[in-house]
Amino acid sequence: MPGGPPVLVEDAEALDGLVERLAKAEVVGFDTEFIGEETFRPRVCLVQVATEREVALVDPLALESRGEGPRIRDLHECLAAPASLVVVHAAYHDVEAMRLAIGRDPQVVVDTQVAAAMCGLPWPASLATVLEHFTGHRTGKAHTFTDWDARPLSPTQCLYAADDVRYL
């Protein structure tokens, strides 16, 4: 499990480096934070990824503000490739974001919420519940309903977002 603070990816150069590293990973944790109220499609405000070596927070809003918004497709294309196992909790909206970005789903996915139900946990179990049940670790959930499109992100928002993929 990767320790330390997450890498914040806010420009194309950092995104290119991250995609290059992710392409070499066998397993990638994946999550999104989005705003879905009052819209027909959710607005992705943050994409979190983790490998055994690092946790990264990709800021699509920062990329958009630099005119590099379309570059987020590179991240989704990398995650959708069959070379990586993508681990996600409650995958519906996260995979939907990918589908909207590139028109397809990841090839190899494990949804830990579905896996937890297959192991006997009540449906639908939160990630916090799954982690506590199987590992005894408790995560903070203070930012579950935070304002993800407000910038700058606070250190506690970044930690919350990082932990959502760190423990996948």
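Against the definition (modelled with pLDDT of 90 or more, assigned to a strand (DSSP E or B) and either among the β-branched types (Val, Ile, Thr) or open to solvent by 70 Å² or more (accessible area, probe 1.4 Å) (or both)), how does VAL19 come out, yes or no? Criteria not met by VAL19. With respect to the conditions (1) without any contact (Cβ under 8 Å) to a residue 40 or more places away in the chain; (2) of a type outside the set (A, V, I, L, M); (3) out of contact with any strand residue (DSSP E or B) (no Cβ under 9 Å at 6 or more places or on another chain); (4) open to solvent by less than 60 Å² (accessible area, probe 1.4 Å), GLU68 falls short on a single one, namely (1).
For GLY36, work out the one condition from (1) open to solvent by less than 10 Å² (accessible area, probe 1.4 Å); (2) under 21 Å from ARG104 (Cα atoms) it doesn't fulfil. That leaves (1) as the condition not met. Considering (1) in a helix (DSSP H, G or I); (2) farther than 27 Å from LEU131 by Cβ, the lone condition that ARG41 does not fulfil carries the number (1). When VAL55, VAL130 are checked against the criterion of being in contact with a helix residue (DSSP H, G or I) (Cβ under 7 Å, 6 or more places away or on another chain) and touching a residue at least 60 places away in the same chain (Cβ under 8 Å), a single residue qualifies: VAL55. A single member of PRO106, PRO122 is loosely packed, with under 14 Cβ neighbours inside 10 Å and at pLDDT 90 or above, and it is PRO122.
The values are calculated or read from the model by the stated rules, or taken from the named source; none is laboratory data. Predicted model, so just to flag it, every value in this text is computed and none were measured. Heads up, the Cβs are rebuilt from the backbone with ideal geometry, glycines too, and the neighbour counts pull from every protein chain shown. Note: areas computed on protein heavy atoms with side chains; ligands, DNA, RNA excluded. Shrake-Rupley method; radii C 1.70, N 1.55, O 1.52, S 1.80 Å.
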